[in-house]
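These notes concern the structure reproduced below.
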Amino acid sequence: MSITVTFLGHSGFVLDDGTHSVAIDPFLTDNPVATMNADEIRCQAIVLTHGHSDHLGDTVAIAKANDATVYAAFEIAQFLGEKDCKTEPGNPGGKINGDFGWVAFTQAFHSSSYEGRYMGMPCGVVVNLGGVTVYHCGDTGLFSDMKLMGEIYRPDIAMIPIGDRFTMGPELATKAAEWIKPKVAIPIHYKTWPLLAPDASGFTPEGMEIKVMEPGESWQYR
């Protein structure tokens, strides 16, 4: 069981098991820390946590270029359907099977809109690919059911926002990681803009590997 994890910057990733590739929150255009362009992304599926522009990002262009299916909250799927994208709608509590594995949506405490349009509930997402389970928390504050998410899904990797102001800061994100108990924790949603935490120095969960990734960096989980 192994996957390659490529960090796109901010909260975006591409997961690849050698047969299938899944992009999560592919925000590249107008991302000041991104080192890749949307036309470089190759994937069969895109998974979105919520509708904010720094997460929905380049989804339409990437989906059309790759004939990829987008997995997202019902309202986001409706919006993307209007853009002629293939979609698989879902909401927290549900699981959707795909050729690559499956996607499940979890709670997240945040907001979700795009250019003034309501985009449904914000979500975290759990992606199972290549026998590896990844929990991307999305944008969220700390909530105690993160313990339950860890118990139910037993993620190998957790991607946890630490940027403060709009999400958890490093201290609360540390608590979230210790509740989720992944094998590897990756801090996200920080240092993209001055309003966010400038580094990951305060993110110090115990009992797991902490993987601080730079935009454009790839890493293989085995």
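The values are calculated or read from the model by the stated rules, or taken from the named source; none is laboratory data. Treat the numbers as computed from the prediction; the structure is a model and nothing was measured. Neighbour counts run over all protein chains shown; Cβ positions are idealised from the backbone, glycine included.
Is it true that Phe7 is under 15 Å from Gly138 (Cβ atoms), of a type outside the set (Gly, Ala, Ser) and either within 14 Å of the chain's Cα centre (by Cα) or outside any helix (DSSP H, G or I) (or both)?
Working: under 15 Å from Gly138 (Cβ atoms): no; of a type outside the set (Gly, Ala, Ser): yes; either within 14 Å of the chain's Cα centre (by Cα) or outside any helix (DSSP H, G or I) (or both): yes.
Here the answer is no, as Phe7 does not meet what is asked.
What do you reckon, is Val132 within 19 Å of Pro89 (Cα to Cα), at pLDDT 95 or above, touching a strand residue (DSSP E or B) at 6+ places or on another chain (Cβ under 7 Å) and of a type in the set (Val, Ile, Thr)? Reasoning before the result, please.
Details: within 19 Å of Pro89 (Cα to Cα): no; at pLDDT 95 or above: yes; touching a strand residue (DSSP E or B) at 6+ places or on another chain (Cβ under 7 Å): yes; of a type in the set (Val, Ile, Thr): yes.
Answer is no for this residue.
Can you confirm whether Glu171 is touching an Asp or Glu at 6+ places or on another chain (Cβ under 7 Å) and charged (D, E, K, R)?
Details: touching an Asp or Glu at 6+ places or on another chain (Cβ under 7 Å): no; charged (D, E, K, R): yes.
No, not satisfied.
For the range 95-109, which positions are surrounded by fewer than 21 Cβ atoms within 10 Å (Cβ to Cβ) and closer than 29 Å to Gly169 by Cβ?
The answer is Gln107, Phe109.
Which one of Ala73, Ala45 is within 20 Å of Val126 (Cβ to Cβ), in contact with a Cys (Cβ under 8 Å, 6 or more places away or on another chain) and of a type outside the set (Val, Ile, Thr)? Break it down into steps so the answer makes sense when it comes.
Numbers: Ala45 fails: in contact with a Cys (Cβ under 8 Å, 6 or more places away or on another chain).
The match here is Ala73.
Mind checking which pairs have a first residue in the range 27-43 that is without any contact (Cβ under 8 Å) to a residue 24 or more places away in the chain and a second that is of a type in the set (D, E, K, R) and not in a helix (DSSP H, G or I), Cβ under 9 Å, 6 or more apart or different chains?
Sorted first by the residue in the range 27-43, then by its partner, the pairs are Asn37/Asp58.
Taking into account only those residues within the range 178-222 that are of a type in the set (Ser, Thr, Tyr) and surrounded by fewer than 17 Cβ atoms within 10 Å (Cβ to Cβ), which is nearest to Arg154 (Cα to Cα)? If you could, list the steps in order and put the result at the bottom.
Our first condition is that a residue be of a type in the set (Ser, Thr, Tyr); within the range 178-222, this holds for 190, 192, 201, 204, 218, 221.
Retained after the next criterion (residues that are surrounded by fewer than 17 Cβ atoms within 10 Å (Cβ to Cβ)): 201, 204, 218.
On the way: Ser201: 26, Thr204: 20, Ser218: 23 Å.
If we take residues in the range 178-222 being of a type in the set (Ser, Thr, Tyr) and surrounded by fewer than 17 Cβ atoms within 10 Å (Cβ to Cβ), then Thr204 is nearest to Arg154 (Cα to Cα).
Is it the case that some residue within the range 154-174 is over 22 Å from Ser111 (Cα atoms), in a strand (DSSP E or B), aliphatic (A, V, I, L, M) and within 17 Å of the chain's Cα centre (by Cα)?
yes
Just one of Gly124, Gly81 is in a strand (DSSP E or B) and of a type outside the set (Ser, Thr, Tyr); which is it? Break it down stepwise before answering.
Numbers: Gly81 fails: in a strand (DSSP E or B).
Residue meeting the stated conditions: Gly124.
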